[in-house]
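K.L.:
Pasting in a structure now, in structure tokens, and then I'll have a few things to ask.
The values are calculated or read from the model by the stated rules, or taken from the named source; none is laboratory data. Quick caveat: nothing in here was measured; it's all calculated off a predicted structure. Backbone-built Cβ (ideal geometry, glycine too); neighbour counts: all protein chains shown. Side chains included, ligands, DNA and RNA excluded: accessible areas come from the protein's heavy atoms. Shrake-Rupley method; radii C 1.70, N 1.55, O 1.52, S 1.80 Å.
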Amino acid sequence: MSRRRAPEDLSALLGEPKPDWERLTQALKKLPEDVDPALAAGAALHLLPEDRSSLWAFGRHCQQLPAPVIRAVLERLADDLRPGVFFLRESVDLEGSDEALRESWRMALQGLLDLDVTYGWGSRQRKAKLQGLAANPVLLQSLQTVVVASEEVSRDMLAVLTIDASEASLDALIPHVERAVQRQGWELDRLEDLRTHARSTPALEALFERMEAVLQARRARSPALELARALGFGEPGVFWFKLYATGGEEGDERSMTYRHHCHLSVDSRAPDWLSFSMSSWDSDGEPGGNVPVYDLDGTGLQNDTLGLGACEPTRIPEWMARAAERLRTEWHFEQRAVMTSLRGRQRTRLFGWLTGRNPPGK
């Protein structure tokens, strides 16, 4: 029996190289069973980003695909190593009936959505999503497989394993801990966050205690603490502050724009302890199209369109003033624009240093 062709308008939509998003998402939710699988699969994959960004749109709009289309999609994704796609492949039952295939497909896509929520990290809603994943044997095993095979996975995937806390989950998690301890970068800070969701077991507590010891040692060596001492703030256990300043205001109180921007962040808790950057509108560009003109981090000078040269952290206010001169502007910020771990008089002294009124150590 020959397969009937889909209506011409549907075939045209599915075959477009850049189909209309709204029409496509609506069509994918009600595809006829006799639709061309290859054509529909290609259209569905328009919703799957090529990079490592969110798979939410794909998970949200592709739950009702016919079984032949699902098989065609998975065949096209057979060599895709992205953790989310890997999780999808591992979770779908390709050996059973078409109904079992569709059911496992919907379950896997819902799992993708539960791993990609915007609720706060410690929120009740996020906890419920992650606990639901840990309680699903099929999805849990898929996550364990993905975490073993992939070096870079989402924090939510790892959190599910700490909620389960079984031997298989720990075996999958431990290589990530070992790499993070060795590198002592941002991965270690991210793994520390897993404590929010983890079950309290002796094995997990031992892992977290090891990570905490390494983190404390790294933070104690942070150049941010050396800056705190140089500025006269003694020996704080933690030292951080952030500043956002603007210059070149244009417009009125209801519609104010800023031509120049300065971002500064110092944080002893972070592996990248320093970020000092300035940007400005391109003289030929549109408002809002900021171009970096200076960028310094803890490893050194990354960009210096202004020709200021490398800056010692204790001389940051001087570099801000020199940049303002070259940009023919003034930096504007109030004390409340400075977020910091310091309090009271020390906070006031930090603000005085940033504005150039207080020399270092005074």
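K.L.:
Compute the angle between helix 137-149 and the longest alpha-carbon principal axis of the chain, please, reported from 0 to 90 degrees and rounded to the nearest 10.
P.N.:
50 degrees
K.L.:
Relative to the present Cα-Cα distance, how much length would full extension add between residue 103 and residue 192 at 0.36 nm per residue of separation? Write down the numbers at each step before the final one.
P.N.:
Working: separation 89, 0.36 × 89 = 32.04 nm, distance 3.55 nm.
Extending this stretch completely gives an extra 28.5 nm.
K.L.:
Please check which bits of region 78-108 a label hung off residue 64 would reach, taking the label as a point 7 Å along Cα-to-C-beta and the cut-off as backbone N under 18 Å.
P.N.:
Inside the label zone: 99, 102-108.
K.L.:
With a 1.4 Å probe and every protein chain left in place, work out the accessible area per residue of the chain in Å², rounded to a whole number.
P.N.:
Numbers: 19130 Å² over 362 residues.
In whole numbers, the chain has 53 Å² accessible per residue.
K.L.:
Once you sort the root eigenvalues of the Cα gyration tensor of the chain as a ≥ b ≥ c, which label holds: rounded (a/c under 1.5), prolate (a/b larger than b/c) or oblate (the other case)?
P.N.:
Details: a/c = 3.13, a/b = 1.60, b/c = 1.96.
In terms of gyration-tensor shape, oblate.
K.L.:
A further question on this structure: For region 53-68, take each phi angle, set θ = phi - 60°, evaluate the Karplus expression 6.51 cos²θ - 1.76 cosθ + 1.60, and give the result in whole Hz per residue in order, putting x for glycine and proline.
P.N.:
With coefficients 6.51, -1.76 and 1.60, one gets 7, 4, 9, 4, 4, 5, x, 6, 9, 10, 6, 9, 5, x, 4, x Hz.
K.L.:
When the dipole is taken about the Cα centre of the chain, and only Lys, Arg (+1) and Asp, Glu (-1) are charged at their Cβ, what size is it in debye, to the nearest 20? Walk me through the intermediate numbers first.
P.N.:
Numbers: 45 positive and 54 negative charges, 294 e Å.
For the chain, the charge dipole is close to 1420 debye.
K.L.:
Please list 3J(HN,Hα) in residue order for region 97-111, calculated via the Karplus relation 6.51 cos²θ - 1.76 cosθ + 1.60 where θ = phi - 60°; whole Hz, with x for glycine and proline.
P.N.:
Per residue, the Karplus-derived 3J(HN,Hα) values read 6, 4, 5, 5, 4, 5, 5, 5, 4, 5, 5, 5, 5, 5, x Hz.
K.L.:
For region 290-296, just list the computed ³J(HN,Hα) in residue order, Karplus coefficients 6.51, -1.76 and 1.60, θ = phi - 60°, integers in Hz, with x standing in for Gly and Pro.
P.N.:
Taking θ as phi minus 60°, the curve returns 6, 10, x, 10, 7, 8, 10 Hz for region 290-296.
K.L.:
Starting from the Cα-Cα distance between residue 213 and residue 12, subtract it from 0.36 nm times their residue separation and give me the gain in nm to one decimal. List each step's numbers first, then the result.
P.N.:
Values: separation 201, 0.36 × 201 = 72.36 nm, distance 6.00 nm.
Separation in residues times 0.36 nm, less the Cα-Cα distance, equals 66.4 nm.
K.L.:
Still on this structure, I have one more. For the pair residue 244/residue 330, report the inter-label distance in nm, with labels modelled 7 Å from Cα in the Cβ direction.
P.N.:
With each label point 7 Å from Cα toward Cβ, the separation is 2.2 nm.
K.L.:
Principal axis lengths of region 1-99 from Cα atoms, whole Å, largest first?
P.N.:
In descending order, the Cα extents are 36, 32, 20 Å.
K.L.:
Sticking with this structure for a sec: With each label point set 7 Å from Cα along the Cα-Cβ vector, what nm distance links residue 155 and residue 168?
P.N.:
2.7 nm
K.L.:
5 Å is the cut-off here: which amide hydrogens, built 1.01 Å from N in the peptide plane, fall below it relative to residue 273, excluding neighbours closer than 5 in sequence?
P.N.:
Under 5 Å from the amide H of residue 273: 298.
K.L.:
Report the FRET efficiency, 1/(1 + (r/R0)^6), for residue 34 and residue 93, where r is their Cβ-Cβ distance and R0 is 22 Å, rounded to 0.05. Could the numbers behind the result be given before it?
P.N.:
On the way: r = 23 Å, r/R0 = 1.03.
It comes out at approximately 0.45.
K.L.:
Which peptide among 34-40, 75-81 comes first, and what is the full order, when sorted by highest mean count of other Cβ atoms within 10 Å? The partial results should precede the final answer.
P.N.:
Working: 34-40: 19.4, 75-81: 11.9.
By packing density, highest mean first, the sequence is 34-40, 75-81.
K.L.:
With an 8 Å Cα cut-off and a minimum separation of 6 or more residues, compute the relative contact order for the chain in percent. Write out the running numbers ahead of the final one.
P.N.:
Working: 499 pairs, mean separation 32.2, N = 362.
Normalised by residue count, the contact order of the chain is 9 percent.
K.L.:
If you build a Gaussian network model of the chain, linking Cα atoms that sit under 10 Å apart, which residue out of 307, 298, 84 swings the most?
P.N.:
307
K.L.:
Follow-up question, since we're still on this one. Given a 1.4 Å probe and every protein chain left where it sits, what share in percent of the accessible area of region 75-225 is carbon and sulfur? It would help to have the intermediate numbers written out before the result.
P.N.:
Working: 3580 of 7220 Å².
Using a 1.4 Å probe with all protein chains present, region 75-225 comes out at 50 percent carbon and sulfur.
K.L.:
To the nearest 10 Å², what's residue 176's accessible area with a 1.4 Å probe?
P.N.:
10 Å²
K.L.:
Next question, about the same structure. Relative to the present Cα-Cα distance, how much length would full extension add between residue 128 and residue 141 at 0.36 nm per residue of separation?
P.N.:
2.8 nm is the gain from fully extending residue 128 to residue 141.
K.L.:
Now a separate question. In degrees from 0 to 90, rounded to the nearest 10, what is the angle of the helix 344-354 Cα long axis to the longest principal axis of the chain?
P.N.:
90 degrees
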